[in-house]
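Input: a single structure, listed below in structure tokens.
The values are calculated or read from the model by the stated rules, or taken from the named source; none is laboratory data. Being a predicted model, the structure only gives us computed values, none of them experimental. Here the Cβ positions follow ideal geometry from the backbone for every residue, glycine too, while neighbour counts run over all protein chains shown. Please note that ligands, DNA and RNA were not included when accessible areas were found on the heavy atoms of the full protein model with its side chains. Shrake-Rupley method; radii C 1.70, N 1.55, O 1.52, S 1.80 Å.
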Amino acid sequence: KLGMAYKKDDNFGEWYSEVVVNSEMIEYYDISGCYILRPWAMEIWELLKEFFDAEIKKLKLKPYYFPLFVTENVLQKEKDHIEGFAPEVAWVTKSGKSDLEAPIAIRPTSETVMYPYFSKWIRSHRDLPLRCNQWCNVVRWEFSNPTPFIRSREFLWQEGHTAFATKEEADEEVLQILELYRRIYEEFLAVPVSKGRKSEMEKFAGGLYTTSVEAFIPNTGRGVQGATSHCLGQNFAKMFDITFENDKGSRSMVWQNSWAYTTRSIGVMVMTHGDDKGLVLPPRVAPLQVIVIPVPYKDVDTTAIVNECKKTVETLEKAGIRADLDTRENYSPGWKYSHWEMKGVPLRIEIGPKDMANNQARVVRRDNGAKADIPTADLVEKVNGLLDEVQKNLFETAKQKRDACLKVVNTWDEFIVALNDKKLILAPWCDEEEVEKDVKARTKGDLGAAKTLCTPFEQPDLPEGTTCFASGKPAKKWSFWGRSY
Ligand SMILES: O=C1CCCN[C@@H]1CCCn1cnc2cc(F)c(Cl)cc2c1=O
Ligand SMILES: [Mg+2]
């Protein structure tokens, strides 16, 4: 079946579900909230991982793998750390027919798995910094509406866990990692994000402060957390007795960070760039950047055309471009155009008898449909140029759309109008948690309440006397507000 049954602007939820399936990224699974990630998704995950892993190796991160399972008493080591999360912990209670003596939890995150061993491994300042990263899956048995990539009961992520002798070192790394997350989104997924700090209410309760990169989905008017980088302070060092003997011989607690991005990032990319023909892939994460399609012509020698296509693919691959050809004879060129548009391949090259005769190829862009006839001799250079243009155009277009949704408000009434208008709201706030709670209470409803998304590091000017949009008290900062995923 070809073509989309749903339009992005008509029925976003159905459109999204159709795109991830028709583009062969996702197969639905018979357990709610669980999805099969097919090669078209996994190859994107692997391209992101290749970049991120290389970058954290430069920051001296070491690869680890910790067990999937954690015992009940260790998981509940600190009540407030898992406050409110308990309902989403998945437990193993049996093996075969027999009950386990004690239930074993499946990791929803790995602090409690790792930190007893950090305590064992860290003795002296010479054991610091400890820098641990693992690529793995985690399980959180959430009940709110499951969405492929965006909210699933099992997902893939990397989780970094580091320990330093000083707060300064921890503070610096938090921001180094946050910058890598910005690059993942803006330079690879072509998704604009805002760097900022979470409020005391929205931060990771077990930590000292949380920073994040926040994206926004114009179609639903919802913010979406892209990735997070926490400074844990010495909270977990205290909880797990992670101390070191400093060079003066006295004992100090370590300063820790933890940070993650997940397969949710792929869903944000799909939502941002997809259109009514299906997926639209930014070239830097496209498993296939160019698809070459032979256009046979009634009695013309098709073998010659197919050979020219093969040569073209070889030339492009030699130049490091991810290219392939579609020579399936049981499908028409037109069918193939739609199929590869559905899969979001950034460039299509059509080669027919006329192109052969003129030593050229017709190149069609997936993002804006532009067609160009390129001389075969210039193909590699022109294709690389076009791939860069597509990458840039997707980012600029997404940025322009996101900025068009931005609304600065100063009063409650303006806030409510903007919220119902699916805007990303920037409002002056007194930074009081009671007010944050009040806004949540006053905006409760089937679409979910409004919340603070982050306080952007880039703060607009806050004129003396500016009052909080919700409380009328003196405003202390500008914060992003909105509904979220
Ligand atoms: O976000 C990150 C980066 C990578 C390592 N972890 C932190 C904090 C994770 C918070 N969090 C998030 N979700 C959780 C769900 C749970 F069921 C339990 Cl028991 C705990 C948590 C929980 O601590
Ligand atoms: Mg959660």
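Return the residues of the range 277-308 that are open to solvent by 10 Å² or more (accessible area, probe 1.4 Å) and under 30 Å from A215 (Cα atoms); say none if nothing qualifies.
Passing the criteria: K277, R284, P287, L288, Q289.
Right, V390: touching a residue at least 24 places away in the same chain (Cβ under 8 Å) and closer than 30 Å to L279 by Cβ or not?
Taking the combined requirement at face value, the residue satisfies it.
Only one of P108, P103 is touching a strand residue (DSSP E or B) at 6+ places or on another chain (Cβ under 6 Å), within 16 Å of ligand 2 (Cβ to nearest atom) and not basic (K, R); which?
Criteria check complete, one pass: P108.
Would the range 346-354 turn up any residue that is open to solvent by 20 Å² or more (accessible area, probe 1.4 Å) and hydrophobic (A, V, I, L, M, F, W, C)?
No; the residues of the range 346-354 include none that is open to solvent by 20 Å² or more (accessible area, probe 1.4 Å) and hydrophobic (A, V, I, L, M, F, W, C).
Which pairs do you get when a residue that is more than 14 Å from F236 (Cβ to Cβ), found in the range 69-89, comes within reach of a residue that is within 12 Å of ligand 2 (Cβ to nearest atom) and among the hydroxyl-bearing types (S, T, Y), reach meaning Cβ atoms under 6 angstrom, with the pair 6+ apart or on two chains?
Listed by first residue and then by second, the contacts come to nothing, as the list is empty.
Restricting to the range 131-176, name every residue that is in contact (Cβ under 8 Å) with a residue 24 or more places away in the chain and part of a helix (DSSP H, G or I).
K167, E169, A170, D171, E173, V174, L175, Q176
Could you list, in sequence order, the residues of the range 104-130 that are surrounded by 15 or more Cβ atoms within 10 Å (Cβ to Cβ) and part of a strand (DSSP E or B)?
The answer is I104, A105, I106, L130.
Can you list the strands (runs of 3 or more DSSP E) lying wholly within the range 198-276 that have 2 or more residues being open to solvent by 40 Å² or more (accessible area, probe 1.4 Å) and not β-branched (V, I, T)?
Those strands (runs of 3 or more DSSP E) span 222-233, 251-253.
Any residue at all in the range 81-98 that's more than 15 Å from ligand 2 (Cβ to nearest atom), open to solvent by less than 20 Å² (accessible area, probe 1.4 Å) and part of a helix (DSSP H, G or I)?
Checking the range 81-98: not a single residue is more than 15 Å from ligand 2 (Cβ to nearest atom), open to solvent by less than 20 Å² (accessible area, probe 1.4 Å) and part of a helix (DSSP H, G or I).
Scan the range 305-327 residue by residue and report those that are in contact with a strand residue (DSSP E or B) (Cβ under 7 Å, 6 or more places away or on another chain) and in contact (Cβ under 8 Å) with a residue 24 or more places away in the chain.
Result: I305, E308, C309, T312, L316, I321, A323, D324, L325, D326, T327.
Among the residues of the range 131-155, which ones are within 11 Å of ligand 2 (Cβ to nearest atom) and open to solvent by less than 20 Å² (accessible area, probe 1.4 Å)?
V138, the sole residue that qualifies.
Return the residues of the range 294-308 that are within 19 Å of V364 (Cβ to Cβ) and assigned to a loop (DSSP other than H, G, I, E, B); say none if nothing qualifies.
Listed by number, the residues that qualify are V295, P296, Y297.
Run down V193, V254, V213, V224 and say which single residue is touching a Ser or Thr at 6+ places or on another chain (Cβ under 8 Å) and without any contact (Cβ under 8 Å) to a residue 40 or more places away in the chain.
After ruling out the rest, the residue left standing is V213.
For the range 88-116, give me each residue that is within 10 Å of ligand 1 (Cβ to nearest atom) and either modelled with pLDDT under 95 or more than 21 Å from G33 (Cβ to Cβ) (or both).
E111, T112, M114
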